[in-house]
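Peer 1: Submitted below is the structure of interest, expressed as structure tokens.
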Amino acid sequence: MVSARQKACLAAMGVDVWLRRTPETDDVTPPRTRRASAASEAKPPQAETAPARRATAAVLPSVQPLLDWETLATRVSACTACELHQGRTQTVFGTGNRNAEWLIIGEAPGAEEDKRGEPFVGRAGQLLTSMLGALGLPRPQVYIANILKCRPPSNRDPKPDEVAFCEQYLFNQIALLNPRIILAVGRIAAQNLLKTQTPIGKLRGHRHAFGGQEIPVVVTYHPAYLLRSPGEKRRAWEDLLFARQVFESLPPR
Ligand code: SF4
């Protein structure tokens, strides 16, 4: 059954009806109740082969020394390794369940995040929360972090040296969290995490791998982009279904 909350979340994503997965419907084919025009949209990932398709495997990151959560958070809050520290109100370390199986990685703090010290707040954050809710993942159940911990001025793209400094913190977080799956949200997150210049449109719909443990990575659009381009919400929903399919295909720990 689809709960009222999930219906509300799906509505926020622009998806009309959510069909519970059954052996017969265990794929990402758009529900029959969707508009006929949906058939002309981008093809969803192929369910039967999806878990076997691996596109990009990120280089094994080395985090030396590995810091515990509290030491790492303290280190980040005092970091002046790149110029972004000059304009920040505060660092945005990350938030959520430190035992989470799902890790959501975004780009960098925006104005609201910089003010509140938390990733994905404001309208884009609300949409991300709805996206996760539609998937049956309450936000407190996942962990959310960004590639950068400080806000770039005017929300410009991160510079390579900023990523190079800051990703060590993210790698440390990944090592501590040891998530079962990573959802890379947006082009900047996906390309930097996977060390590729491949456009996001080509990264979507594939199972990538991160690090020596080959943590599965699935790529989708950034909610801020979806707010500007609501017509893409349906593709984002297909990405989430694909991510869940990859997650469910993982062997138990
Ligand atoms: S963006 Fe990262 S590396 Fe740069 S000052 Fe902030 S915490 Fe340090």
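Peer 1: Kirkwood hydrodynamic radius, the stretch 173-235, all distinct C-alpha pairs: what's the number in Å? Walk me through the numbers on the way to the answer.
Peer 2: Numbers: mean 1/r = 0.0815 Å⁻¹.
Across the stretch 173-235, the inverse of the average 1/r is 12.3 Å.
Peer 1: Over all directions, what mean area does the Cα convex hull of the stretch 107-253 project, stated in square nanometres?
Peer 2: 8.6 nm²
Peer 1: Can you list the HN-Hα couplings for the stretch 238-244, worked out from phi with the Karplus curve (6.51, -1.76, 1.60; θ = phi - 60°), rounded to whole Hz and with x for Gly and Pro?
Peer 2: For the stretch 238-244, the Karplus curve yields 5, 4, 5, 4, 5, 4, 5 Hz.
None of the figures in this text is laboratory data; all of them are computed from the coordinates on show. Values in this document were obtained by computation on a predicted structure and should not be read as measured data.
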